[in-house]
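Engineer: To start, I am sharing the structure in question, which I have written as structure tokens.
Please treat every number below as a calculation from the coordinates, not as lab data. Bear in mind the structure is a predicted one, so any value in this text is a computation, not a measurement. Note that each Cβ is placed from the backbone with ideal geometry, even for glycine, and that neighbours are counted across all protein chains shown.
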Amino acid sequence: MNEYFQLLQEKVLDNSELIETNFKFNLLAGPQRWVLVKGKVSKIISNLAMNAKIPFLGIQKGNDLYIFDLSDKYQDIIADTRIKSHERLLGTCKIPPTNDKFHYTYPVAGKMPFAFKYVLTSTEKRLVETYKNFGLDFAIWLTEFKSIGDEIYIEYILEPRKFIFKKHFLSHIIPSGYKGLTISFVAKYMKIANLLIKLGAKPYLNLMFSDKLLFADAFETYVFKRIIESATGIKYEPLIGVRDYKLRIENMLETLKAIKK
């Protein structure tokens with residue numbers, strides 16, 4: 001038994017037998033080693049809640065618990081100063097369309113809320129921290145873009161595509177030239193929207209988006225153009241259909257700078 005599983009046995013597994021298994025999680029790419037614990041699942045989950053500082057990833061199928069072998073990662077997880085003490089807790093989410101459950105005891109997606117196929121909410125700050133400080137990115141389906149007070153929030157669903165490990169965190173596999181929405185892409189528009197709030201506006205979109213171009217066109221037309229023209233009287237022409245998103249962001253920022261002068 002390696003050091004990691006020995007740690008689990010001492011603190012969590014209640015001397016349960018660990019069974020070798022060929023189990024693979026279909027949403028996880030790359031090498032995988034899982035071990036199976038049969039029965040005692042409720043007791044083990046209860047023990048995890050009391051020992052949540054011990055790194056753990058597991059999938060519960062009824063009375064069976066599959067535990068991911070973190071032996072090459074757990075020391076790095078323990079030493080990672082980006083993971084705050086209050087984030088070392090037991091988290092659980094369902095894996096639709098089954099009743100299987102995913103358990104984890106550290107923030108597997110950086111600062112992003114994490115769940116499969118459920119609507120999640122995040123701020124610009126959390127998105128930026130996730131892809132800049134943790135080096136992670138995720139493909140998303142955006143369901144709502146809104147202001148609450150003086151901050152922009154999005155509601156989204158993680159796209160059901162395969163995850164990979166980047167060090168000890170999960171991230172999506174984002175191919176080159178990917179046309180769908182990602183958190184690194186949407187965060188740039190959240191920055192623009194936060195600047196619009198300073199004009200006394202309340203940026204808002206509530207359509208489902210999964211495509212960069214459709215979202216960019218909608219944002220410039222129904223958020224940026226409307227707010228700029230309503231608040232300042234200045235005419236703004238959205239760059240509809242343009243896939244140079246850096247140019248589009250720069251164009252909006254230049255417009256905002258011109259207003260301040």
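Engineer: How would you order 140-149, 245-254, 187-196 from highest to lowest mean count of nearby Cβ atoms within 10 Å?
Structural biologist: Descending mean neighbour count gives 187-196, 140-149, 245-254.
Engineer: Calculated FRET efficiency, Thr98 and Leu256, Cβ-Cβ r, R0 45 Å, to nearest 0.05?
Structural biologist: Efficiency at R0 = 45 Å is approximately 0.45.
Engineer: Report, to the nearest 10°, how far helix 183-197 tilts away from the longest principal axis of the Cα atoms in the chain, using its own Cα long axis and a range of 0 to 90°.
Structural biologist: Rounded to the nearest ten degrees, it is 50.
Engineer: If you don't mind, there's one more thing I want to ask. Is there a pair in Lys125/Lys235; Lys162/Lys202; Lys24/Lys101 whose C-alpha atoms are over 26 Å apart, and which pairs would that be?
Structural biologist: Numbers: Lys125/Lys235 30 Å; Lys162/Lys202 35 Å; Lys24/Lys101 15 Å.
Beyond 26 Å between Cα atoms: Lys125/Lys235; Lys162/Lys202.
Engineer: Taking the number of other C-beta atoms within 10 Å as the exposure measure, put Ile44, Ile152, Ile234 in order starting with the fewest. Could the numbers behind the result be given before it?
Structural biologist: Numbers: Ile44 22, Ile152 28, Ile234 10.
Lowest count first: Ile234, Ile44, Ile152.
Engineer: Assign one of three labels to the range 47-140, namely rounded, prolate or oblate, based on the Cα gyration tensor with a ≥ b ≥ c the square roots of its eigenvalues; rounded applies when a/c is under 1.5, prolate when it is not and a/b is larger than b/c, and oblate otherwise. Working shown, then result.
Structural biologist: On the way: a/c = 1.96, a/b = 1.17, b/c = 1.67.
Cα axes put the range 47-140 in the oblate bin.
Engineer: Can you compute the helix-only [θ] at 222 nm over the chain? Use -39500 (n - 2.57) per DSSP H run of at least 4 residues, normalise by all residues, nearest 500 deg cm²/dmol.
Structural biologist: Helix-only estimate at 222 nm: -8000 deg cm²/dmol.
Engineer: Here's a follow-up. I'd like the orientation of helix 41-50 relative to the chain: the angle between its Cα long axis and the longest Cα principal axis, in ° from 0 to 90, rounded to 10.
Structural biologist: For 41-50 against the chain, the angle is about 60 degrees.
Engineer: Quick check: the distance between the Cα centres of the range 37-98 and the range 158-218, to the nearest angstrom?
Structural biologist: 28
Engineer: Taking other Cβ within 10 Å of each residue's Cβ, how do Tyr153, Tyr118 sort, fewest first?
Structural biologist: Tyr118, Tyr153
Engineer: Quote the FRET efficiency, to the nearest 0.05, computed for Arg243 versus Val119 with a Förster distance R0 of 22 Å and r equal to the Cβ-Cβ distance.
Structural biologist: My answer for the efficiency is 0.20.
Engineer: Which FRET efficiency value, to the nearest 0.05, do you get for Asn2 and Asn133 by plugging their Cβ-Cβ distance into 1/(1 + (r/R0)^6) with R0 = 25 Å?
Structural biologist: Efficiency at R0 = 25 Å is approximately 0.25.
Engineer: For the residue pair Thr81 and Lys61, what label-to-label distance in nm results when each label sits 7 Å from Cα along the Cα-to-beta-carbon direction?
Structural biologist: 4.2
Engineer: Please report, in whole Å, how far the alpha carbons of the chain spread along each principal axis, starting with the longest.
Structural biologist: 71, 31, 27
Engineer: Work out, in µm²/s and without decimals, the Stokes-Einstein translational diffusion coefficient of the range 110-261 at 10 °C, 1.306 mPa s, Rh from Kirkwood over C-alpha pairs.
Structural biologist: Working: Rh = 15.9 Å.
Approximately 100 µm²/s, per Stokes-Einstein.
Engineer: In nm, what is the difference between 0.36 nm times the number of residues separating Thr21 and Ser42 and their Cα-Cα distance?
Structural biologist: Values: separation 21, 0.36 × 21 = 7.56 nm, distance 2.06 nm.
Contour length minus the Cα-Cα distance gives 5.5 nm.
Engineer: Another question, then. State, in angstrom, two size descriptors of the range 120-206 derived from its alpha carbons: Rg to one decimal place and Dmax to the nearest whole number.
Structural biologist: Radius of gyration, then largest Cα-Cα span, for the range 120-206: 13.4, 42 Å.
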